[in-house]
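Heads up, the thing below is written out as structure tokens.
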Protein chains: 2
Amino acid sequence: MAKQQIKHGANTKEISIEYGIKEADIIDFSSNINPNIPSNLENMLIEALKKANSYPDINYKELRESISNYLDVDSSNIIVGNGASEIIYLLAKGLEKRGAVLNPTFSEYKRALNVANKEVISIYRDKDFKIDMENIKQKIDEFDFLYICNPNNPTSSLDDLKDLIKYFMGKDKILIVDETFMEFCQDNEKTLLPFVKTHKNLIIIKAITKFFGLPGIRVGYGISSNIELLNKLWSIKEPWSVNTFGENICKQVLMDKTYIKKSKEFYAGQINYLYNELRKLPNFKAYEPNTNFILMKSKILKASEIKEKLLLKHNILIRDCSNFDGLDEYYFRVAVKKKQDNEKLIKGLRNL
Amino acid sequence: MAKQQIKHGANTKEISIEYGIKEADIIDFSSNINPNIPSNLENMLIEALKKANSYPDINYKELRESISNYLDVDSSNIIVGNGASEIIYLLAKGLEKRGAVLNPTFSEYKRALNVANKEVISIYRDKDFKIDMENIKQKIDEFDFLYICNPNNPTSSLDDLKDLIKYFMGKDKILIVDETFMEFCQDNEKTLLPFVKTHKNLIIIKAITKFFGLPGIRVGYGISSNIELLNKLWSIKEPWSVNTFGENICKQVLMDKTYIKKSKEFYAGQINYLYNELRKLPNFKAYEPNTNFILMKSKILKASEIKEKLLLKHNILIRDCSNFDGLDEYYFRVAVKKKQDNEKLIKGLRNL
């Protein structure tokens, strides 16, 4: 059968068939989603259903205004899309002409560049997965735009990009920073949002997917004060790509201050808890996390073997990271989930 | 502000601001949507909300199976997308290399070709907006694939394409037939669905948008037995573009036989009623409709003047068709709506 080419985490349906486990029984550590979900969305859904009889607003004016209020960014500096993915692909399509990625990282940047027939320049992080400015400086003449994921997927590393944005100033290069996982961080010190107004060569990507626990609604957005570039992106964007449910749920969850506060507190506790337990395990190295997932390196078994054993014995699904450019077959990633799930993961890994 | 480049009907939000009319008071004849909506979707929404905490199935296996049952087509021959639009754009991107459109027609075919940097070959329908085989034969060496909308938007004309598909046989050309409006027709004689299995150079596009009255959910699909081409489309498709609400609502509405039957009966009556009334108006020519909208040509006032007058006097919004390639500033399009709305339109046009 014809099918998508890239392996991602989270396809619990296929896993359930392959391993003969009931889908609902799978404890999914492979997707980095907030396990909490904003409440009181039911009434809004009925409202959104009434609106499903019309097209969404092709310019998403109200949705952009909600995001504008949430981030305190001018709504004319916002473009919305079907998840962060659509923004990643729009940029690959709209920008000229050589795109760089900082490996190991989220595979969709490279795929978007390939789909757009753009040249892909690979730059690598250092051995601790921090950004190596020298590596970037060395390649600066080889690319026109650079995707950086910060905090980075799958390494959970967080970098201070203020020196990088200064270095980019005056150079004819675009810096794309995917801050999809920034809201899980304990403070917002590292976000480049305050630089959007003054740095026209900066584009920030964000999503509702992860922090609001709603990957199913497919809403993401890009932020830039480069109106010429935004016009270009709108001019090549497919129409109505965010549906009325995404449009309306998004407006509501961005105002849910209780949910935001509760989630921040939840992660403050669970990230540290899970990391401290995982680093005690002798057969693994746990990389220090800055966001809601942890990169692990196994010292004995391969990630594929660990994945299989955890599934068969404990119904636990991890993300084998061997297909990330810059990692090998001993790396895997686990999401930080609710306490009782995290305990099961620790126990499962200990028993291997 | 940065905004979408193409004018479509249906942006009642902007119209309401521009004309100072409450959005809910606008009687929208500009979008060709079934005014009925499938019922009992509320419970399904609550189910879909629970699923919004996961990604949609990246391969949309169950959704394709629902479509497969609805149309009696093999599910491996189906690709789903964010409305028919995504399929239109995927084809423009994935096919080599010169695309033709049959004007006047839906503007997104040309826009998709432009966005994909493909050459656009314009072919024209005859003066009654029927397909002129000679025009196509004359241009056959100039294009590699051809988009045909059947029934055609905005002309509401319906063509028998069986000769065309025979003519394409053995030629290295792809025929894309957008049958989004076929379900509104009184019979299904003209669909090319029975030819999918035997004609690998045929692709049919359909959508949930129009007939099921749900443009807001953004679900469309393409059908072809050309697995090589489908693989190519999946390989360049952006991931998860149909969200969990689209995925789940679609599965439910396709099984709603009562809605389908009721809608067919509704249109059988109202299309004829509205057409018979409109053709009595001395200052207009009404083109014979085959689907749920009617193309009109004004003999005195321009479409833009009619649009303005109908809005200001009657809150009625029509689709000015002057920006369709092949039409001029005297053409406009009206949807077939519920009886009481259709009566208001007739009265409004009579009073002009």
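The values are calculated or read from the model by the stated rules, or taken from the named source; none is laboratory data. Remember, it's a predicted structure, so these values are computed and weren't measured experimentally. No Cβ is skipped: glycine too gets one built from the backbone with ideal geometry, and neighbour counts run over all protein chains shown. Heavy atoms of the whole protein, side chains included, go into the accessibility calculation; ligands, DNA and RNA do not. Shrake-Rupley method; radii C 1.70, N 1.55, O 1.52, S 1.80 Å.
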Filter result (out of contact with any Phe, Trp or Tyr (no Cβ under 6 Å at 6 or more places or on another chain) and among the aliphatic types (A, V, I, L, M)) within region B:59-78:
B:Leu63, B:Leu71, B:Val73
Every residue from region A:226-237 that is open to solvent by 10 Å² or more (accessible area, probe 1.4 Å) and touching a residue at least 24 places away in the same chain (Cβ under 8 Å):
A:Asn226, A:Ile227, A:Leu229, A:Lys232, A:Ile236
Return the residue satisfying two criteria in turn: it lies in region A:194-215 and is within 14 Å of A:Phe184 (Cβ to Cβ) and in a loop (DSSP other than H, G, I, E, B), and of such residues it is nearest to the other protein chains (Cβ to nearest Cβ).
A:Gly213
Evaluate the following for A:Tyr273: is it in contact with a strand residue (DSSP E or B) (Cβ under 6 Å, 6 or more places away or on another chain), surrounded by 14 or more Cβ atoms within 10 Å (Cβ to Cβ), outside the structural domain of A:Glu183 (by TED's automatic domain parsing) and in contact (Cβ under 8 Å) with a residue 24 or more places away in the chain?
no
Filtering region B:229-247 down to residues that are of a type in the set (S, T, N, Q) and assigned to a helix (DSSP H, G or I), which residue is farthest from A:Ala112 (Cα to Cα)?
B:Thr244
Out of the residues in region B:248-259 that are touching a residue at least 12 places away in the same chain (Cβ under 8 Å), assigned to a helix (DSSP H, G or I) and not charged (D, E, K, R), which is nearest to the other protein chains (Cβ to nearest Cβ)?
B:Ile249
Would it be correct to say that A:Lys264 is open to solvent by less than 50 Å² (accessible area, probe 1.4 Å) and either farther than 30 Å from A:Ser54 by Cα or modelled with pLDDT under 95 (or both)?
no
Where A:Ile17 falls short, out of the listed (1) surrounded by fewer than 16 Cβ atoms within 10 Å (Cβ to Cβ); (2) within 11 Å of chain B (Cβ to nearest Cβ); (3) touching a residue at least 40 places away in the same chain (Cβ under 8 Å); (4) not hydroxyl-bearing (Ser, Thr, Tyr):
(3)
What are the residue pairs meeting all of these: first residue in region B:57-75, first residue within 12 Å of another protein chain (Cβ to nearest Cβ), second residue acidic (Asp, Glu) and open to solvent by less than 30 Å² (accessible area, probe 1.4 Å), Cβ atoms under 8 Å, and 6 or more apart or on different chains?
B:Asp57/B:Glu247; B:Tyr60/B:Glu247; B:Glu62/B:Glu247; B:Leu63/B:Asp57; B:Leu63/B:Glu247
Tell me, yes or no, whether region B:231-239 has at least one residue that is of a type outside the set (S, T, N, Q), over 20 Å from the mean Cα position of the chain (by Cα), closer than 15 Å to A:Gly216 by Cα and within 7 Å of another protein chain (Cβ to nearest Cβ).
yes
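Quick grid of which residues meet (1) touching a strand residue (DSSP E or B) at 6+ places or on another chain (Cβ under 7 Å); (2) in a loop (DSSP other than H, G, I, E, B); (3) not assigned by TED's automatic domain parsing to the domain that holds A:Asn323:
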site	(1), (2), (3)
A:Ala92	yes, no, yes
A:Leu102	yes, no, yes
A:Thr105	yes, yes, yes
A:Arg111	no, no, yes
A:Asn117	no, yes, yes
A:Ile123	yes, no, yes
A:Asp126	no, yes, yes
A:Lys130	no, yes, yes
Checking the conditions here, which among A:Lys130, A:Lys162, A:Lys110 is under 24 Å from A:Ile208 (Cα atoms), open to solvent by 40 Å² or more (accessible area, probe 1.4 Å) and within 21 Å of the chain's Cα centre (by Cα)?
A:Lys110
